[in-house]
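What follows is a single structure, written as structure tokens, with notes after it.
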Amino acid sequence: MSDRIAMTANTVFHNPRIQNAKNGLVEAGDTFETDLAHAQDLERLGHAIPLAGSVLGAELPPLEPHYQVSETALRADRARRRAAEPATDPA
């Protein structure tokens with residue numbers, strides 16, 4: 001399955017996740033491509049219909065790996081930044 005879903009718009013909207021000749025702007029009747037999660041939302045809300053049948057039951061691909069920062073590391077970073085700030089004189 002392709003990572004892009006071809007759809008036809010039922011309404012007018014703009015979204016940067018859309019690939020078309022109008023830089024994400026679509027009007028009723030326009031054909032465009034978008035990712036599966038966005039295509040499912042558009043179909044569920046009635047803003048567009050997929051060209052190759054419903055995508056509502058399609059399984060979403062796994063999320064891209066991302067980085068998490070621990071709460072301890074966040075606290076240490078905040079403390080280090082506060083210590084580096086110049087003292088303000090309440091004059």
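The values are calculated or read from the model by the stated rules, or taken from the named source; none is laboratory data. Keep in mind the model is a prediction, meaning the values are calculated, not measured. Calculation scope for accessible area: heavy atoms of the full protein, side chains included, ligands and nucleic acids excluded. Shrake-Rupley method; radii C 1.70, N 1.55, O 1.52, S 1.80 Å.
Here the accessible area of the stretch 1-90 is 55 percent carbon and sulfur, with a 1.4 angstrom probe and all protein chains present. Helix 71-84 and the long axis of the chain differ in direction by around 50°, with both axes built from C-alpha atoms.
The GNM of the chain, with springs linking C-alpha atoms under 10 angstrom apart, assigns the highest mean-square fluctuation among R44, R80, R17 to R80. For the chain, the per residue solvent-accessible surface stands at 77 Å², with DNA, RNA and ligands left out and a 1.4 Å probe. Against the chain, whose longest principal axis is taken from its Cα atoms, helix 36-45 shows a tilt of about 70°.
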